[in-house]
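The values are calculated or read from the model by the stated rules, or taken from the named source; none is laboratory data. Quick caveat: nothing in here was measured; it's all calculated off a predicted structure. All Cβ positions, even for glycine, are placed from backbone atoms using ideal geometry, and neighbour counts span all protein chains on display. Surface accessibility is based on the protein's heavy atoms, side chains included, excluding ligands, DNA and RNA. Shrake-Rupley method; radii C 1.70, N 1.55, O 1.52, S 1.80 Å.
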Amino acid sequence: MKQKIILLCICILSLSYLFKTNASAQTAPTSNNYKILDYGFGGGGTASSSSNNYSLFGTLGQVDQGSPSSSNYFLGAGLEYEIMASAPAAPTFVNQNNSYNKLHLTINRGGNDPTDYQYAIQIAASQSGTFQYVQADNTVGSNFDNSNWQTYPAWGGSSGIDVIGLIPGSIYYARVAARQGQFYTQSDWGPIATASTVNPTMSFSVTTTSQSVPPFTVAIGTINPGSVSTSSDKVISTVSTNAVNGAVVYVQGTNTGLKSTTAANYTIPSSSTDLAAALEGYGARGTTVSQSSGGPMNLIAPYNGSGNNVGILDTSERALADTSNSPITSGQVQFELKAKAKNTTPEASDYSDILTVVVGGDF
Amino acid sequence: MSRNKKLFLFIRNSKVITILQILALIFYVVYPLFSPTKANATITEGFVRFNRLSTGAAISGTACLKTSTSGTETGVVITFPLGWTISGTASNWTVSTSGLPLDPADGTTPATAWPGIGTATSVNGLNVVFPSSDLSTGTFYCFNFAGASSTIGSAGNDQTGSLKTQGGSPYVDNMTWATSIVTSNADQISVTASVSATMTFSLSGNSIALGTLSTSAVTSGNVTQTVSTNARNGWVSWIQGTSTTGGTGGGLHSSSANADIPSPSSFPNITDLASNTGVVIDVDSGTGSPTVAAGYDGSNSTSGGHFDGGVYHMTASNTVPASGNTITINVRAKVAATQAAASDYADTLVAVAAGQF
């Protein structure tokens, strides 16, 4: 007797587990239009057994055995299978933008899927081989509860969603399940779709309009005091990256301006200024930006001035241009160098500076 | 098999089943407490930017992260690309939090110094581990790093590394980044320029009329000399007379009286005409404070120095480039009672300057 009581408790708890996993509400099968007053089971439990935590339902005319199937279909038996949602087709799962940390997924629901269908998405990376779940915030995690079940519109509808936070350079497998109704009876997981993330990419180069290989030298030429001199050569920086937040091109000088050793290290100071009005100065001015795709490339103030407005070139890394917080292909920025001397700027032929141009991808 | 034996087996199996189900139940209850709710955290943005992208250059740069993951960070790990030379000595990896970049997301928000950052605590291959305190979500944190005895690897695109924060399972955040390395010094541009030499010189006038000279008072007149030059060592100016018929080689000469008012003494001695007669030159410093030569640096309004006909003597100088440096050239005279009367005492002074380039 004791054994039977234990077994009964275990059965109840197990059923509780089952319905807690697959259902969120359990009430008797009734509505404004109908009510099932009485129906029986063979040797099974009680038709209306229920508590706050579970309900038991049964049906007639089903046999809980035999599951005809082929490679294309599966026909289950029993009430659960009868009210089970249709398994969705394989989702459309692609890497839209050469991304390294996200893939685009669109649920392909069946044409007759009711609007109250809810879907959950399983995803596995090649490395782990273990399916996890797409969370409501489109990240991937192990958590799987009601929050993972969302309607078709909530999963982006026909536009789909970006599944984010993925591992670069990985093959991902995704499949979708559906559920509907009072018991939210979950379908089987549908067919698998595959997509791959790429690795982060970054290419970068520096040239000038007349030099394609280093060492690069840009001559401002002779500066006549009181006049602004401009380099004839322009510095060209080219960048391509799939960094999701784009990239920034930085420029940094070695001195705080143009320095002459023969003039006792006199330095024509650099500042962000209009050289037409300044007595003396040195700086860079972005002239053109372009790209093959993405971006667009964008000059950052103060390097985006016109005329003789220049941006400072000192020992700090200064943001010269960016890719508008977006991936870019063959993004290019050109800038020229300008200088002006005043009447007392010491004469010398060795004014110089060394610029370092680098790029940082914002991944 | 007897009925009793079957019952025994059933009971025994039931016990096994019961135990298994109890274990399953315990697992069901307990597992969620240990189950991670989020395996792959997301990063709003992050980067590792190097100060040089040239192969062989010393490794230094800036690491930044803005996390959206709630976790308690205890360390940060930078993993450098394959083939880079990474010092295995943790103390070689130093950090700073000055001059941090702006958040590229908006281009205006200054970075927050990475809390708890310090000299690396360990190095394992390409992985350098720095200490860290807990990061708040949505804050753009950065720190600068430099690795002594560590150099960038070969040139090439798409060289990947990672920036990870410790304190999770196994990390709170794990960001992969890529950089591009160029050939030696192909990330630098040498900028050159020359500043041309300039020099301007002028006098405020070309005549000084002393009028009728006195035997008791000193008469003076002057012109202003202006010099501008960017000669890096400044400038020097000189003066000379034209008449050489004075008693000591310079002075004012009258053709009609065939007489001279001499410039007394000799250069670089100063003569005070308050107690002497003759004609002298005195120089006063003006704009730019040029240095007056001792030979013409009279101490009062009656003294001055000797000038010669045909021989330049330095009047003033400056050691730095000048913009509108001025000196006042005073000519002072007093005659003796025996000085021949004439109205045409005169001389032509020549003032010149040169830049010291």
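Multiplying the residue separation of residue A:232 and residue A:112 by 0.36 nm and removing their Cα-Cα distance gives an extension gain of 36.4 nm. Average accessible surface for segment A:136-188: 37 Å² per residue, computed with a 1.4 Å probe over protein heavy atoms with every protein chain in place.
Accessible surface of segment A:280-363, 1.4 Å probe: 40 percent of it comes from carbon and sulfur atoms. Where in segment B:285-325 does the label zone of residue B:216 land, with the point 7 angstrom along Cα→C-beta and an amide N cut-off under 18 Å? Within reach of a label on residue B:216: B:302. For segment B:208-249, the residues whose backbone nitrogen is under 16 Å from a point 7 Å from the Cα of residue B:343, taken along Cα to Cβ, are B:209-213.
Neighbours of residue A:216 by Cβ distance under 13 Å: Lys/Arg scored +1, Asp/Glu scored -1, total -2. Calculate the FRET efficiency for residue A:89 and residue A:198 from the Cβ-Cβ distance with a Förster distance of 25 Å, rounded to the nearest 0.05. Once the sixth-power term is evaluated, E becomes 0.45. Averaged over the residues of A:314-326, the number of partner chain Cβ atoms lying within 10 Å of the residue Cβ comes to 2.
Taken per residue, the accessible surface of segment B:208-296 reaches 40 Å², heavy atoms only and a 1.4 Å probe. Heavy-atom accessible area buried between chains B and A is around 5400 Å² (1.4 Å probe, both sides summed). Between the alpha-carbon centres of segment B:288-332 and segment A:173-228 there is a gap of 70 Å. Extension gain for residue B:105-residue B:201 works out to 28.9 nm (0.36 nm per residue, less the C-alpha to C-alpha distance). The mean number of Cβ atoms from other chains found within 10 Å of a Cβ in peptide B:197-204 is 2, as a whole number.
Taking the 1.4 Å solvent-accessible surface of chain B as the whole, the part contributed by carbon and sulfur is 54%. Panel note: contact residues of segment A:139-168 (accessible area lowered by at least 30 Å² against the chain on its own; 1.4 Å probe) correspond to A:139, A:140, A:142, A:143, A:165. Here the gap between residue A:293 and residue A:316, fully extended at 0.36 nm per residue and compared with their Cα-Cα distance, gives a gain of 5.3 nm. Spin-label model, residue A:137 to residue A:261: label points 7 Å out along the Cα-to-beta-carbon direction sit 5.6 nm apart.
Between the amide H of residue B:232 and those of A:347, distances stay under 5 Å, these residues lying 5 or more places away or on another chain, with hydrogens modeled in the peptide plane. A Förster radius of 60 Å combined with the Cβ-Cβ distance from residue B:74 to residue A:188 puts the calculated FRET efficiency at roughly 0.90.
Each part gets one Cα centre, and for segment B:108-181 versus segment B:40-102 those centres are 3 Å apart.
Placing pseudo-labels 7 Å out from each Cα toward the beta carbon at residue A:306 and residue B:97 gives an inter-label distance of 4.3 nm.
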